[in-house]
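> Sharing a structure here in structure tokens format.
The values are calculated or read from the model by the stated rules, or taken from the named source; none is laboratory data. Note that this is a predicted model, so its numbers are computed, not measured. Neighbour counts are summed over all protein chains in view; Cβ atoms, including those assigned to glycine, are modelled from backbone coordinates with ideal geometry. For the accessible areas, the whole protein counts, side chains as well, though only heavy atoms, and no ligand, DNA or RNA atoms are used. Shrake-Rupley method; radii C 1.70, N 1.55, O 1.52, S 1.80 Å.
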Amino acid sequence: MELILLGPPGAGKGTQSKLLETRYGVAQISTGDMLRAEVKAGSPIGLEAKTVMDAGGLVSDDILVRMIGERIHRPDCAKGFILDGFPRTVPQAEALDRMLHDTAVDLDAVIELKVDEAVLVERISGRFTCGKCGTGYHDKFKLPKKAGICDACGGTEFIRRPDDKAETVHARLEAYNVQTAPILPYYKAQGRLYAVDGMAEMNEVEAQIEAVLRKIGVPPV
Ligand code: ADP
Ligand code: ADP
Ligand code: ZN
């Protein structure tokens, strides 16, 4: 299965792609996570990306296309992948089409998670993750079952992203509206775009995505 989850920051792409990864036996690829790893490692890409990410802008197409071009050919993508956070511009979408065409792989669907802007801001400001395993949480919508202890790994350190602060969120939403939203008509013209109500509860959103996949003939493993 080759799937793209599309939506503004806070729409639930990370949450849903992690659920689908297990259900469908494919690799979840988050370009945000990949870039944060580069920043942490202090690599040349990380150094270039950091300033842009801190300001809520988009890192260059050139870097992202090279990163994805290498990533989707790794062995864990043998049964396919879910892209979370890529493509984010029309040139990225076009580059992805060329890469898939070259390897004779067909994109199954692009699923858009639709969420109102006020809800996005609330979701982003309450977001935190486990520092050890990366499991996502929310101050209001998804607290760990035992306070201060990660459900998945027992970790006790949690992280908040520097770009999740209120000042940066506005720039990120703007980047989505101006640079990323034009991808929607691009995929609509290909007949691959499906919209899902991202405002519903997490399980309900997952059920809606699975319904789309079932409809187009992609079963879970
Ligand atoms: P969110 O899930 O909140 O939308 P991500 O973790 O996907 O955020 O991305 C964090 C930041 O990493 C973005 O604001 C952007 O600066 C950078 N980034 C991630 N993916 C891309 C991409 N495909 N193109 C350009 N920049 C990207
Ligand atoms: P994205 O990857 O699109 O930026 P996330 O998956 O990180 O979004 O979700 C943003 C925040 O909202 C997280 O704290 C997550 O726990 C929470 N969240 C995700 N989906 C839902 C939902 N359907 N209802 C309520 N909160 C949600
Ligand atoms: Zn954990």
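> Got a sec? Which residues in segment 1-41 would a label at ASN203 touch, if it sits 7 Å along Cα→Cβ and we count backbone N under 16 Å?
Answer for segment 1-41: 16, 19-20.
> While we're looking at this one, here's another question. With the crude spin-label approximation of a point 7 Å out along Cα→Cβ, what separation in nm comes out for ALA118 versus LYS215?
Going from the ALA118 label point to the LYS215 one covers 2.8 nm.
> Still on this model: Classify segment 157-207 as rounded, prolate or oblate, taking a ≥ b ≥ c as the square roots of the eigenvalues of its Cα gyration tensor: rounded when a/c is under 1.5, otherwise prolate if a/b is larger than b/c and oblate if not.
Oblate is the answer for segment 157-207, as a/c is 1.5 or above yet b/c matches or exceeds a/b.
> Right, something else. Over 18 Å between Cα atoms: which of LYS18/LYS79; LYS13/LYS146; LYS50/LYS165; LYS114/LYS145; LYS13/LYS40; LYS145/LYS165 fall into that group?
LYS13/LYS146; LYS114/LYS145; LYS13/LYS40; LYS145/LYS165
> With just the Cα atoms defining each centre, how far is segment 156-208 from segment 100-121? Give it in Å.
About 9 Å separates the Cα centre of segment 156-208 from the one of segment 100-121.
> Further question: I need the phi-derived Karplus couplings for segment 40-53: 6.51 cos²θ - 1.76 cosθ + 1.60, θ = phi - 60°, integer Hz, Gly and Pro marked x.
For segment 40-53, the Karplus-derived couplings read 4, 6, x, 6, x, 4, x, 5, 6, 6, 3, 4, 5, 5 Hz, x marking Gly and Pro.
> Taking 0.36 nm per intervening residue step and subtracting the Cα-Cα distance, what contour gain separates HIS101 from HIS170 on full extension?
Here the segment from HIS101 to HIS170 would lengthen by 21.3 nm.
> Tell me, what HN-Hα J-couplings in whole Hz come from the Karplus equation 6.51 cos²θ - 1.76 cosθ + 1.60 at θ = phi - 60° for each residue of segment 181-186, using x for Gly and Pro?
Residue by residue, segment 181-186 yields 3, x, 6, 4, x, 4 Hz.
> Okay, next question. Taking a cut-off of 19 Å between Cα atoms, list the aspartates and glutamates near LYS215, but don't count ones fewer than 8 places away on the same chain.
Cross-link targets: GLU2, GLU21, ASP106, ASP108, GLU112, ASP197, GLU204, GLU206.
> What are the residues whose amide H is under 5 Å from the amide H of PHE158, where those residues sit 5 or more places off or on another chain and H is modelled from the backbone?
Amide H to amide H, under 5 Å and 5 or more residues apart or across chains, PHE158 pairs with GLY131.
> Under the rule of at least 5 residues apart or a separate chain, name every residue whose amide H is placed under 5 Å from the amide H of LEU6.
Counting only residues 5 or more places away or on other chains, the set is ILE111, GLU112, LEU113.
> Also, quick follow-up: At q = 0.20, 0.22 Å⁻¹, what is the base-10 log of I(q)/I(0) for segment 1-95 according to the Debye formula with one equal point scatterer per Cα and no solvent? Please give it to two decimals.
Normalising to I(0) and taking log10 leaves -1.04, -1.22.
> Moving to a separate point now. How much of the accessible area of the chain, probe 1.4 Å, is carbon plus sulfur, in whole percent?
56 percent
> Between HIS73 and LYS40, what FRET efficiency follows from the Cβ-Cβ distance if R0 is 30 Å, with the result rounded to 0.05?
Efficiency, rounded to the nearest 0.05: 0.80.
> Can you give the direction-averaged projected area of the convex hull of the alpha-carbon atoms in the chain, in nm²?
Mean projected area for the chain: 11.8 nm², to one decimal.
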